[in-house]
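The values are calculated or read from the model by the stated rules, or taken from the named source; none is laboratory data. Owing to the predicted nature of the structure, the values given are computational and were not obtained by experimental measurement. Reconstructed Cβ throughout: ideal geometry from the backbone, glycine too, with neighbour counts over all protein chains shown. All accessible areas refer to the heavy atoms of the entire protein, side chains included, with ligands and DNA or RNA removed. Shrake-Rupley method; radii C 1.70, N 1.55, O 1.52, S 1.80 Å.
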Amino acid sequence: MTQPTIESILKEKRNFPPSAEFAENAIIGSMEKYRELYDAAKADPQGFWAELAEQELHWFQKWDQVLDWQPPHAKWFVNGKINISYNCLDRHLNTWRRNKAAIIWEGEPGDSRTLTYAQLHREVCQMANVYKQLGVKKGDIVGIYMPMIPEAAIAMLACARIGAAHSVIFGGFSSEALRTRLLDAEAKLVVTADGGFRKDKTIPLKPAVDEALRDNGVPSVDNVLVVQRTQEKVHMDAGRDHWWHDLQAGVSANCPAEPMDSEDLLFILYTSGTTGKPKGVVHTTGGYNLYTHITTKWTFDLKETDVYWCTADVGWITGHSYIVYGPLSNGATSLMYEGAPRPSNPGCLWDVVEKYGVSIFYTAPTAIRALIKMGEHHPNARDLSSLRILGTVGEPINPEAWMWYHRVIGGGRCPIVDTWWQTETGGFMLTPLPGAIPTKPGSATLPFPGIMADVVDLEGNPVGENEGGYLVVKHPWPSMMRTVYGDDDRFRRTYWEHIPPKDGQYLYFAGDGARKDEDGYFWVMGRVDDVISVSGHRLGTMEVESALVSHPAVAEAAVVGRPDEVKGEEVVAFVTLEGEYEASDDLSNELKQHVVKEIGAIARPGDIRFTDGMPKTRSGKIMRRLLRNLASGQEVAGDTSTLEDRSVLDKLRSGA
Ligand code: WTA
């Protein structure tokens, strides 16, 4: 088991306070200071956020009201006018930061590029002007399907600059997943590249866009803007497809940032849920800008001289908030990396740390576990002395991996910030502030100031110390999701109705199980719904099941997660075939490939188990708990008395 168990975390007593030297130089340098901020925010949340908004950001026009809370709908900084691209770029230009590296990019295979704030500003303005030429207007949605190259960030900032919203679709998603997301958002323009480099291979992206748009697959898309990256030959549709370098050549670099309403749509980002279709999480401008700004600054104790590196892909929320918007709003140097560790280059991350003197390194537990397997001689052979803070996100980190990270990568001196948050929350919710909060391996520690989190039962009553319950947030926060794009009902149902309001207070339901220990530290245990986490990426079991049953051979499918040492969880699918089909290895491979085609490689089942029937309750519900036990090779535990036909279970057990 790689996920921490309740027993293992109850035994976890290690505690790592920041060193005196670290604390002395930190922005928030003591537990007293943290408590002071936390208490001030709790006593007067609106005053707390208003003061920060005024100090930390540029506004074209000040708000009239800090928060308008009509549960479950929040508006922050009502009638304020702001532009996040202005805050990320323009306001740094009249300072010495003008010529500071905004983005350091390390590409594959072996190329690299640095953009100063002035250079990044110029390219963003040019891309924004190209968007305008292509007919994109304020309020339109632009789909972005890109590899990890600076143009991905440029494309996002260019949207924000003119008030178009972006919907970034992870470059590892299939053409079908791309199509459904573009369709749902009615995207006008798609920004993509010919392809990207990934682990010694090229990944074709433009062909996937062609496939998604084939036969008028997404009628709203008028134009496709293509960045040249791999130089592989791609089809260009005259009239629809344009090379970025062609259009950039003739376009002005003057494009003032559009003053946006604080509540104007900034982006949509699709994420998996418990029902079939991924949901478009909606984020707006002002609150998101403030929250990602301040969480980046305090959680990473950001200094002007830091080289900050988050290894996520811009296709996920971590890339949005903590590669692009949070760091750039602070005028930081944000490193973007196109590569990934692989057998042919197991030390590549440490080469990058050494090459650029990375001081803050932020990655995922699944990556750490993979690096542990590759052996510590790789990091040991590099100079990692520039590192001063390490971070982790995406899933619970097992204490052994935490200790390895701390010892081998951090040299025992770097605080680890284990940040718990979600696509929906926009920014960090539970996290250590590294100069203030002593860390415990496996705990995301305490709420960020201004976040009122708790662990409750299904009636909303707080559970006792070290008792398991549901993680909730009690007060709105600036970067909270505003709704599900085009489906406000689903927003209410998913996040606000599982647990009823308690004493008039609405509770945001995160979908995670957690407990609080005797020091009030949170220990996040993982999802309590049918979402599985493969390498830290959320996958709805329903989504994979829908993909499987869209294959003609499949009559019924049930998907569960099985613990995996590196990936956290792996997809296991139980499949019942249509009468005329026979189980075989070939069919198993075909079904795996079918899922890759429908969703993407991250969803590929590790195992397909053919079965004549599913274990169901008398009311016809598949008993996933039993399937989970079977998938992980455990004895079927707990109550099976509601099972309709016990022989199904016996057959599944014997593998028949
Ligand atoms: C999980 C990623 C434990 C959790 C930012 C959450 C974590 C889901 C942590 C959101 C953490 C994220 N400790 N679990 N530090 N961070 N999770 O939307 O289950 O891709 O609900 O956002 O990841 O995943 P998402």
request  = Return the Cα extents of the stretch 442-537 along principal axes one, two and three, sorted largest first, each rounded to a whole Å.
outcome  = 42, 38, 25
request  = Could you pull out every Cys in the chain that lacks a partner Cys with its beta carbon under 4.7 Å away?
outcome  = C88, C159, C310, C348, C414
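Can you send over the carbon and sulfur percentage of the accessible area for the chain, probe radius 1.4 Å, protein chains only?
Carbon and sulfur: 48 percent of the exposed surface of the chain.
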query = So what's Rg/Rh here for the stretch 352-487, counting alpha carbon atoms and using the Kirkwood radius for Rh?
reply = 1.03
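Among residues other than R382 whose Cβ falls under 9 Å from its Cβ, what is the net charge (Lys/Arg +1, Asp/Glu -1)? It would help to have the intermediate numbers written out before the result.
On the way: positive: none; negative: D351, E354, D383.
Cβ neighbours under 9 Å give a net charge of -3.
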query = Plugging the Kirkwood radius over Cα pairs into Stokes-Einstein for the stretch 1-100, at a temperature of 25 °C and a viscosity of 0.890 mPa s, what D comes out in µm²/s?
reply = 137 µm²/s
task = Report the normalised scattering of the stretch 309-431 as log10 I(q)/I(0) at q = 0.14, 0.23 Å⁻¹, calculated by the Debye formula with identical scatterers on the alpha carbons.
result = -0.57, -1.60
note = Of all trypsin sites (Lys or Arg not before Pro) in the stretch 553-656, the ones in DSSP coil with at most 15 other Cβ atoms within 10 Å are R618, K621
note = About its Cα centre, the chain carries a charge dipole, from +1 on Lys and Arg Cβ atoms and -1 on Asp and Glu Cβ atoms, whose size in debye to the nearest 20 is 920 debye
remark   = Using the Kirkwood radius over Cα pairs of the stretch 513-656, the Stokes-Einstein translational diffusion coefficient at 4 °C and 1.567 mPa s, in µm²/s and rounded to a whole number, is 80 µm²/s
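Pop the C-beta distance of K373 and Q228 into the FRET formula with R0 = 35 Å and round what comes out to the nearest 0.05. Can you show the working numbers first?
Working: r = 36 Å, r/R0 = 1.02.
Rounded to the nearest 0.05, the efficiency is 0.45.
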remark   = Computed ³J(HN,Hα) along the stretch 258-271: with the Karplus parameters 6.51/-1.76/1.60, θ = phi - 60°, integer Hz and x for glycine or proline, the list is 6, x, 9, 5, 3, 9, 5, 4, 9, 7, 10, 9, 7, 9
message = At 0.36 nm per residue, and after removing the present C-alpha to C-alpha distance, how many nm does the segment from D639 to S30 gain when stretched out fully?
response = 214.4 nm
query = Across 10 Å bins from the origin, how do the percents of Cα pairs in the stretch 429-495 run, short distances first?
reply = 17, 38, 34, 10, 1
query = What Kirkwood hydrodynamic radius, in Å, does the stretch 77-116 give when the mean of 1/r is taken over all pairs of distinct Cα atoms and then inverted?
reply = 12.2 Å
ask   = Which FRET efficiency value, to the nearest 0.05, is calculated for E54 and N254 with the Förster distance at 45 angstrom and r the Cβ-Cβ distance?
value = 0.95
key: Nitroxide proxy distance, nm - points 7 Å out along Cα→Cβ at D503 and E465   = 2.1 nm
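Assuming 0.36 nm per residue, please report the length gained on full extension of the stretch V566 to D215 beyond their Cα-Cα distance. Show your work: numbers first, answer last.
Working: separation 351, 0.36 × 351 = 126.36 nm, distance 4.02 nm.
Length gained between V566 and D215: 122.3 nm.
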task = For the stretch 581-642, report the convex hull volume of the alpha-carbon atoms normalised per residue, in Å³, without decimals.
result = 120 Å³
Cα-derived Rg over Rh, computed across the stretch 466-597 with Rh taken as Kirkwood radius = 1.08
query = Can you give the calculated 222 nm mean residue ellipticity of the chain, where each DSSP H run of n ≥ 4 adds -39,500 (n - 2.57) and the sum is split over every residue, rounded to the nearest 500 deg cm²/dmol?
reply = -8000 deg cm²/dmol
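Under the 0.36 nm per residue contour assumption, what length would be gained going from the current alpha-carbon distance of R91 and L134 to full extension? Walk me through the numbers before you get to the answer.
On the way: separation 43, 0.36 × 43 = 15.48 nm, distance 2.74 nm.
Difference between extended and current length: 12.7 nm.
Could you compute the FRET efficiency for S584 and D529, with r as their C-beta to C-beta distance and R0 at 45 Å, rounded to 0.05?
With a Förster radius of 45 Å, E is 0.85.
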ask   = Which of the residue pairs K373/K516; K75/K188; K199/K373; K100/K199; K11/K516; K62/K188 have a Cα-Cα distance greater than 22 Å in the structure shown?
value = K373/K516; K75/K188; K100/K199; K62/K188
inquiry  = So, for the stretch 370-459, what is the accessible surface per residue at a probe of 1.4 Å, expressed in square angstrom?
reply    = 25 Å²
key: Equivalent ellipsoid, the stretch 116-263 (semi-axes from 5 times Cα gyration tensor eigenvalues, Å)   = 23, 18, 14
ask   = Which whole-number percent of Cα pairs in the chain have a distance greater than 44 Å?
value = 18 percent
message = Based on Cα coordinates alone, diagonalise the gyration tensor for the stretch 124-191, multiply each eigenvalue by 5, take square roots, and list the semi-axes in whole Å, largest first.
response = 19, 14, 8
